[in-house]
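Here's the structure, in structure tokens; my notes come after.
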Amino acid sequence: MSIGPVVVSTRGTLDAALAPARAQGLTVALVPTMGALHDGHLALVARARDLADVVVVSIFVNPTQFGAGEDLDRYPRTFDADLEKLSRAGADVVYHPEVTEMYPEGPGAVGVNVDPGPLGSELEGAVRPTHFRGVLTVVAKLFGLARPDFAVFGEKDYQQLVLIRQMVRTLCLPVVVVGCATVREDDGLALSSRNRYLDNAQRELAVSLSRALRAGADAGPSGAVAVLDAAQKAFGEADGVDVDYLTLRAADLTDPLPGQEARLLVAARLGSTRLIDNVAVSLGADKDT
Ligand SMILES: Nc1ncnc2c1ncn2[C@@H]1O[C@H](COP(=O)(O)OP(=O)(O)OP(=O)(O)O)[C@@H](O)[C@H]1O
Ligand SMILES: CC(C)(CO)[C@@H](O)C(=O)[O-]
Ligand code: BAL
């Protein structure tokens, strides 16, 4: 019987847990999460297992990436179930700090933060203006704490992945960022901890996000206009789904160019639940250009 991962909650105990591996020159992969783990997270852990000798998973619901009125208080916290899943997935260390450990002066204290730059105010950032500052700041802290050789993130949070890559490049951080494909339900819905907020009717409607993205991606060779048309049509009249954005960008989230791999991204609200998703699109030229 496996004894499961070592669970630590402070910088000192994390250092102590990783010291033997570091002394032997073993490599470390970090998988940052906010818990409420599902198969999408476990795919990241499996990738981390392939990449490195030691796998550290952090579970921390980071208050600084939630805006006022968002779901910080009701965000699912399922630590015991998470630990069982991580045990089966072969994680070595679980870092589960308290808010006071990560933010000794309080999460609201004015201090040093990572500025995400202009992309931090677009797409998700347009609706959640302080979100990416909070994400990048906590990810930078986690990198400083765990000092991983590799860090694994999901493409489901595509803008987050792009911004983390930018941060690593700009700040010359010594870590390799690895992105993992989005894991989906059988009907196409991207797995997300927030899916558990959906009632039955909303769960049925939620498939319209991935259906629209799929239709858009299929129209890729016909150009950007066709992609957006097809995606919007596939959304149809889905009553009860309020789309925040449905947009086509280049893979680095600048303007898309024909002949390149692009990304079609969507965010929508179903009642008080906000879901995001995206797909890769092989983009051809518009017919009349
Ligand atoms: N379906 C998925 N497939 C692959 N990776 C995923 C999936 N869902 C989440 N991840 C990745 O897991 C990591 C931790 O994400 P997080 O704990 O916020 O889970 P989440 O399901 O995205 O939750 P939320 O509902 O808050 O968006 C991130 O790198 C995220 O991109
Ligand atoms: C990367 C992350 C763990 C930072 O809190 C979070 O934004 C998430 O779960 O995607
Ligand atoms: N998966 C991104 C975390 C958030 O929405 O706050």
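Determine whether VAL114 is closer than 27 Å to ARG263 by Cβ and either in contact with a Cys (Cβ under 7 Å, 6 or more places away or on another chain) or without any contact (Cβ under 8 Å) to a residue 60 or more places away in the chain (or both). For VAL114, the condition - closer than 27 Å to ARG263 by Cβ and either in contact with a Cys (Cβ under 7 Å, 6 or more places away or on another chain) or without any contact (Cβ under 8 Å) to a residue 60 or more places away in the chain (or both) - is met.
Listed here are the residues, each with its yes/no results for (1) more than 30 Å from ALA23 (Cβ to Cβ); (2) touching a Pro at 6+ places or on another chain (Cβ under 7 Å); (3) within 13 Å of ligand 2 (Cβ to nearest atom).
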| position | (1), (2), (3) |
| --- | --- |
| PHE132 | yes, yes, yes |
| VAL135 | yes, no, yes |
| GLY144 | no, no, no |
| MET167 | no, no, yes |
| ASP186 | yes, no, no |
| SER192 | yes, no, yes |
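A Cβ distance below 9 Å, combined with a sequence gap of six or more or placement on separate chains, defines the contacts here; from segment 41-70, residues that are in the same structural domain as VAL175 (by TED's automatic domain parsing) reach residues that are crowded, with 18+ Cβ neighbours inside 10 Å and of a type in the set (Asp, Glu) in the pairs HIS41/ASP82; ASP53/ASP92; VAL54/ASP92; VAL55/ASP92; VAL56/ASP92; VAL57/ASP82; VAL57/ASP92; ILE59/ASP82. VAL152 meets the conditions (1) among the β-branched types (Val, Ile, Thr); (2) away from ligand 3 (no atom under 13 Å from the Cβ); (3) surrounded by fewer than 19 Cβ atoms within 10 Å (Cβ to Cβ) in every case but one. The failed one is (3).
Do you know which of the residues in segment 215-255 that are part of a loop (DSSP other than H, G, I, E, B) and touching a Ser or Thr at 6+ places or on another chain (Cβ under 9 Å) is modelled with the lowest pLDDT? Ranking the qualifying residues of segment 215-255, first place goes to ALA238.
Looking at PRO104, PRO174 in this structure, which one is away from ligand 2 (no atom under 14 Å from the Cβ), free of Cβ contacts under 8 Å to residues at least 40 places away in the same chain and within 30 Å of LEU26 (Cα to Cα)? Exactly one residue qualifies, and that residue is PRO174. If you filter segment 71-84 down to residues that are within 19 Å of the chain's Cα centre (by Cα) and crowded, with 17+ Cβ neighbours inside 10 Å, you find that the one that is farthest from PHE132 (Cα to Cα) is ASP82. Within segment 125-149, take every residue that is farther than 20 Å from LEU72 by Cα and buried (at least 21 other Cβ atoms within 10 Å of the Cβ) and give me the one that is nearest to ligand 3 (Cβ to nearest atom). Among those residues, the one meeting the criterion is PHE143.
The values are calculated or read from the model by the stated rules, or taken from the named source; none is laboratory data. Because the structure is predicted, anything quoted here is derived from the model rather than measured. Cβ: placed from backbone, ideal geometry, glycine included. Neighbour counts: every protein chain shown.
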